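One structure is given here, and the rest of the page talks about it.
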Amino acid sequence: MSEKLGSPILNISVFAAFVLVTLVVVFRVSRSNKTASDYYAAGRSFTGPQNGVAIAGDYLSAASFLGIAGAIAVNGYDGFLYSIGFLVAWLVALLLVAELLRNTGKFTMGDVLSFRMRQRPVRAAAATSTLVVSLFYLLAQMAGAGALIALLLQIPNSNTFGQGIVIAVVGLLMIVYVLVGGMKGTTWVQIIKAGLLLVGAATLVTWVLGRHAFDFSAVLGEAVEKNPSMQTPTGAVKELGERLLIPGLQYGASDLAKIDFLSLGLALVLGTAGLPHILMRFYTVPNAKEARRSVVWAIWLIGIFYLFSLVLGYGAASLVPGGAERIANAPGGTNSAAPLLAYQLGGEFMLGIISAIAFATILAVVAGLTITASASFAHDVYANVIKRGTASPDAEVRVARRTAVLVGVVAVGAGILARNQNVAFLVALAFAVAASANLPTLLYSLFWKRFNTLGALFSIYGGLTISVVLILLSPAVSGRPTSMIPSLDIAVFPLANPGLVSIPASFLLGAIGTFLGRRDEGAAARQAEMEVRALTGAGSEKAAAPKTAPLPKVMV
Amino acid sequence: MRDERTLHERVQASPEFAELRSRLRRFVFPMSAAFMLWYLAYVLMASYAPEVMGIPLLGHINVGIVVGLLQFVSTFVITGLYVRYADARLDPVAESIRTRMEGY
């Protein structure tokens with residue numbers, strides 16, 4: 001089905017303006033990029049609020065921005081449930097992880113996990129899980145880019161070549177940001193994008209509420225009234241109406257669906273604090289107190305944004321002509337809710353703005369993921385596993401830059417191949433793996449004195465293997481008409497999300513490994529150093545040049 | 001007798017550090033347990049009692065929307081409580097230990 005929507009030229013022009021502005025900023029801030037700490041951690045010179053905005057920019061990916069509003073428009077309350085898991089998850093980061101991690105580590109998650117363990121095996125394990133999680137997340141973003149292109153540039157899914165070129169342009173831009181700007185440039189791209197996103201969403205929300213005399217209940221009422229039922233893309237007819245306002249539309253009412261939803265909820269709430277690209281953001285501030293402030297800012301901005309999404313989602317169901325049915329069947333599927341709403345309210349121009357923000361979102365998130373993956377490879381694998389800590393910082397950054405190019409190329413290739421994959425499935429996979437492999441290991445090494453190398457290896461590799469294998473054997477991959485490979489049936493594991501099994505299993509394995517393994521050499525002294533450093537900040541990495549703020553010169 | 005412990009081990013064994021650790025854990029562990037239970041209760045309620053969630057309260061705003069919004073409120077409140085606690089009860093102790101260590 002083809003649908004004319006707005007003008008691709010206008011969409012591209014607004015996006016081009018964003019690219020131009022961000023490129024200027026990236027080039028300006030890159031002049032002070034010299035050391036490894038500049039490249040990986042922006043010289044630790046961002047303030048808490050700046051980093052908080054950047055975190056919001058990093059976290060509110062295309063899945064959050066387009067996905068949640070769309071899920072609410074089509075599946076009602078169940079979309080809202082998603083956003084709550086994504087928000088509450090930040091309390092884990094605030095209370096248990098952010099500050100201790102900032103004090104202990106230097107550039108990567110591996111720094112913290114390997115602090116008091118045998119360096120090489122634990123760093124290799126941490127890098128493996130960082131690369132797997134980042135790659136799945138990257139794939140999800142690139143797959144989302146394909147869906148967006150279909151909708152906004154009116155390049156149909158059948159035109160593989162056209163979409164491929166656009167994905168390649170996105171990938172190329174992202175490589176430029178990362179290579180030229182390093183962490184500093186990437187952070188500024190995220191800050192600009194988060195600002196645009198929040199202002200854009202706030203404008204739409206005010207507009208939607210204005211159409212309903214600023215009465216949220218009226219928005220809900222009209223959404224219910226205008227959508228008595230809908231025909232899904234597979235042809236089935238679904239009852240909506242009042243059901244839009246209660247849980248159960250998307251996940252269903254069977255016992256299995258209920259357990260599956262609990263599993264997803266657990267993965268969402270425990271995954272965030274294990275996402276390597278989020279953890280790495282805490283190294284860009286000068287100390288633990290600023291890390292705390294960044295999480296506080298992030299929580300407020302992300303929370304407010306999800307409240308906006310609630311209005312946007314029901315607003316789209318009530319205001320877009322054709323309602324939920326048209327949204328679900330538009331090119332780009334449920335992701336099209338926010339763009340369709342923007343077009344309905346503000347015509348071509350508003351659609352152009354929202355489209356540009358959506359592209360900017362993908363660009364910024366992909367840049368953040370690329371820098372994380374390349375840092376983990378260069379810092380954990382190259383410098384510490386291969387060179388055993390003897391590599392010069394210059395050589396390390398050189399390797400990181402080359403890895404970034406490679407990751408960019410892989411992302412473009414994978415993005416073209418994964419164009420029609422389910423974005424939500426890929427993101428949930430990344431969260432489940434992060435919650436299973438990374439979070440238990442992080443918590444044990446920060447809070448459990450006896451935890452040792454074997455325990456860390458058990459929980460990382462165990463959590464990683466169990467979560468990935470269970471996903472491969474789940475109905476998300478095969479056995480159902482909605483699966484990735486519907487023609488195959490190896491779905492022996494009944495849940496679409498493995499969290500309920502793999503997260504407790506990883507905690508258990510970490511404990512078993514610890515009791516089986518030997519005490520690490522000098523464990524008591526290393527543990528004392530880690531704990532004192534984590535709690536007091538004594539000896540933690542300092543800001544490279546505390547006096548120079550990373551603000552770009554005022555642009556003329 | 002010479003003290004063979006490292007500086008960090010001596011700091012770790014000091015009463016001041018023990019107090020800092022206990023203050024941190026006394027706040028973050030119960031608070032984490034509380035918000036996890038509250039969140040899981042909400043998820044289970046959404047799965048097993050959707051009819052309760054559907055009870056209308058104010059126009060079309062029902063129990064589910066209100067309880068969901070309360071998750072936002074509790075997240076913001078816990079964030080605020082932690083910042084106040086950390087500023088008043090954790091930072092001064094951490095600061096004093098750090099200053100002493102860097103003075104050695």
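Observations on the structure shown:
- Part-to-part distance (alpha-carbon centres) for the range A:183-231 and the range A:510-532, which is given in Å: 49 Å
- Helix A:453-472 vs. chain A, principal-axis angle (Cα, 0 to 90°, nearest 10): 20 degrees
- Whether the range B:40-104 is rounded, prolate or oblate, judged on the alpha carbon gyration tensor where a/c under 1.5 counts as rounded: prolate
- When A:Leu319, A:Leu307 are sorted by how many other C-beta atoms sit within 10 angstrom of their C-beta, beginning with the fewest, the order is A:Leu307, A:Leu319.
- Estimated [θ] at 222 nm from DSSP helical runs (n ≥ 4, -39500 (n - 2.57)) normalised by residues in chain A, nearest 500: -22500 deg cm²/dmol
- Charge dipole (the range A:8-418, unit charges on Cβ, about Cα centre) - positive-most of A:Thr35, A:Ser64, A:Ala145: A:Thr35
- Each Cα pair under 8 Å and six or more residues apart adds its sequence gap; the mean of these over the residue count of the range A:8-418 is a relative contact order of 39 percent.
- With R₀ set to 25 Å, the beta-carbon distance separating B:Leu70 from A:Ala218 gives a calculated FRET efficiency near 0.70.
- Taking every alpha-carbon pair under 8 Å whose residues sit at least 6 apart, chain B reaches a relative contact order of 30 percent.
- Per-residue [θ]222 nm for chain B (sum of -39500 (n - 2.57) over DSSP H runs n ≥ 4, rounded to 500): -26000 deg cm²/dmol
- Filter on A:Lys184/A:Lys542; A:Lys289/A:Lys542; A:Lys289/A:Lys387; A:Lys106/A:Lys387; A:Lys34/A:Lys289 - keep pairs with C-alpha separation over 23 Å: A:Lys289/A:Lys387; A:Lys34/A:Lys289
- Total charge dipole magnitude, the protein assembly as shown, about the Cα centre, Cβ charges on Lys, Arg, Asp, Glu only, Debye to nearest 20: 2060 debye
- Ordering B:Met31, A:Met183 from the fewest to the most neighbouring beta carbons within 10 Å gives B:Met31, A:Met183.
- A straight line joining the Cα centroids of the range A:143-164 and the range B:1-48 runs 49 Å.
- Separation of alpha-carbon centers, the range A:108-128 and the range A:283-361, rounded to whole Å: 36 Å
No lab work stands behind these numbers, since they all come straight from the coordinates. Everything numeric here is computed off the predicted structure, so don't read it as measured data. Counting neighbours? That spans all protein chains shown, and the Cβs are built from the backbone with ideal geometry, glycine included.
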